[in-house]
Amino acid sequence: MTSKQPSHRGEVLVIGAGELGGAVVAALSQRDDAPAVTVLLRPSDTPRHAQLRNEIMARGAGIAEADVATATVAELATMLAQFHTVVSCIGFAAGSGTQRKITEAALAAGVPRYLPWQFGATTTRSDAAVPKTCSTNNSTFATCYAPRAPPNG
């Protein structure tokens, strides 16, 4: 069986560089065995964006640019196929359906490890969610948490 992905994939793609993405990049860059990290940013020519690019590169990470909100699943899959691990840190600001599109692209690209930002979310009630196995196309890809059913429903 031939793998549809090259064996020389880059290591980690972090999608987004806001509060969560910045923390992920900082944590990865501080490791003694730091992986190769690329950060996916929206194309922009604002001074803030230039500053953000400089901060990311100062941590030793590379930069890629794409607008995940307007890109197709196929376009995203082509980009994600270059990486072993994809960590999506875009949050709610990317718009409805964007996280699902990224998930579909990661599955289509055969990304071995994919972590959506929701896995970093917390709740104040430890009993508000229960673990379950998430799968797509009969292929288990993660353990996630689903809301617990209300007592009367």
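Computed from the coordinates by the stated procedures, all read-outs in this text should not be read as laboratory data. Small disclaimer: the values here were computed from a predicted structure and weren't measured. Don't worry about glycine lacking a Cβ; one is built from the backbone with ideal geometry, like all the others, and counts go over all protein chains shown.
Arranged by the count of other C-beta atoms within 10 angstrom, fewest first, what order do 92, 83 take?
If I rank by nearby Cβ atoms, fewest first, I get 92, 83.
With a ≥ b ≥ c the root eigenvalues of the C-alpha gyration tensor of the range 30-112, is it rounded (a/c under 1.5), prolate (a/b larger than b/c) or oblate?
oblate
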